[in-house]
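Asks: What follows is a single structure, and I will ask about it in a moment.
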């Protein structure tokens with residue numbers, strides 16, 4: 001296995017033979033954070049055996065890989081099967097030989113991608129192991145932490161396997177994207193959204209610049225996200241952390257966007273709210 005260094009907070013990989021930055025640039029950005037004890041770097045060999053992985057199949061053709069306990073941000077990795085090969089979507093930073101063998105037994109990897117730089121994990125390791133391209137949006141290239149010849153830059157949209165298309169929507173990051181799987185959900189269409197469109201607790205959608213730091217997006221960017229996915233048929237959405245909008249996802253995304261925009265523009269008021277009179281500061 002390729003030796004790599006991982007940021008403990010976000011779980012993204014860095015090449016071990018390069019000089020490490022003082023602080024992970026992913027975590028220094030206002031969308032992310034560092035743990036209270038500051039920047040900690042880990043060699044992947046240091047955590048071998050500290051985590052385990054489990055597999056589940058939320059629908060035919062999709063294998064979800066959960067690493068427990070969570071490592072880094074804790075995204076759920078998806079392996080999407082097509083006749084032309086598998087997409088590995090948003091792999092964890094944690095990787096070991098057993099996991100590599102398990103994925104090999106399920107057909108290997110023909111393409112690697114993620115929705116945005118936070119959820120890249122050990123993508124380069126997977127790409128090298130299977131001689132597969134790692135698709136990274138060119139508008140986020142300043143956030144590449146593990147430069148490698150396997151990285152293939154793209155913009156706007158890109159069919160990476162038959163029936164699997166990356167779609168740039170922006171918002172959370174300029175290059176934030178979704179993966180559209182045309183035959184998913186019994187041919188009704190699936191979006192793998194990461195944090196581009198977040199599936200929240202009540203199985204509706206939300207949109208943020210920073211989820212952990214509660215920094216909202218502008219109405220313009222929320223409309224941009226919804227418009228970007230509008231040409232694609234989809235009835236189901238898989239979020240980054242295990243939550244799913246199982247059906248009627250297009251309607252729910254539209255209604256969620258309308259709700260979000262109405263609240264941030266003060267276009268609606270809760271009838272139970274009290275009006276507050278705020279005295280000027282003297």
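Asks: Could you tell me what percent of the DSSP beta bridges with both partners in the stretch 4-264 are antiparallel, to the nearest 5?
Replies: 75
Asks: Could you tell me what a quarter of the Cα convex hull surface of the chain works out to, in nm² with one decimal place? If you can, show how the numbers build up before the last one.
Replies: Working: hull surface 69.3 nm².
That works out to 17.3 nm².
Asks: Hey, another quick one. Taking the highest mean first, how do the peptides 101-114, 168-181, 40-53 order by number of other beta carbon atoms within 10 angstrom per residue?
Replies: By packing density, highest mean first, the sequence is 168-181, 101-114, 40-53.
Asks: Using 15 Å as the cut-off for backbone N distance, which residues of the stretch 35-59 belong to the label zone defined by a point 7 Å from the Cα of residue 183 along Cα→Cβ?
Replies: 59
Asks: Evaluate 2.2 N^0.38 Å with N set to the residue count of the stretch 65-166, then give the Cα radius of gyration divided by it.
Replies: Dividing the Cα radius of gyration by 2.2 N^0.38 Å gives 1.00.
Asks: Distance from the Cα centre of the stretch 75-116 to that of the stretch 1-57, in angstrom?
Replies: So the two Cα centres are separated by 18 Å.
Asks: Can you figure out the FRET efficiency of residue 102 with residue 248, using R₀ = 30 Å and their beta-carbon distance, to the nearest 0.05?
Replies: According to the calculation, E is roughly 0.35.
Asks: Right, something else. If neighbour count is taken as other Cβ atoms inside 10 Å, put 82, 265, 196 in order from fewest to most.
Replies: So the residues, fewest neighbours to most, are 265, 82, 196.
Asks: Taking only C-alpha pairs under 8 Å that are 6+ residues apart, what is the relative contact order of the stretch 4-264 in percent?
Replies: Taking the mean separation of contacting Cα pairs over the length of the stretch 4-264, I get 14 percent.
Asks: Convex hull over the alpha-carbon atoms of the stretch 193-236: what's its volume per residue in Å³?
Replies: 76
Asks: At a 10 angstrom cut-off on C-beta neighbours, averaged per residue, how do the peptides 198-211, 84-97, 12-25 rank from highest to lowest?
Replies: The densest-packed peptide leads the list: 84-97, 198-211, 12-25.
Asks: Taking the Cβ of each residue in 156, 140 as the centre, tally the other Cβ atoms inside 10 Å and list the residues starting with the fewest.
Replies: Fewest-to-most Cβ neighbours within 10 Å comes out as 156, 140.
Asks: Fewest to most neighbouring Cβ within 10 Å: what's the order for 152, 230, 36? Please report the intermediate quantities before stating the final value.
Replies: Details: 152 17, 230 11, 36 5.
Starting with the residue having the fewest Cβ neighbours, the order is 36, 230, 152.
Bear in mind these aren't lab numbers, they're just calculated from the coordinates by the rules spelled out. It should be emphasised that the depicted structure is a prediction, and the values quoted were computed from it without experimental measurement. Cβ coordinates were reconstructed from backbone atoms using ideal geometry, including for glycine residues, and neighbour counts include every protein chain displayed.
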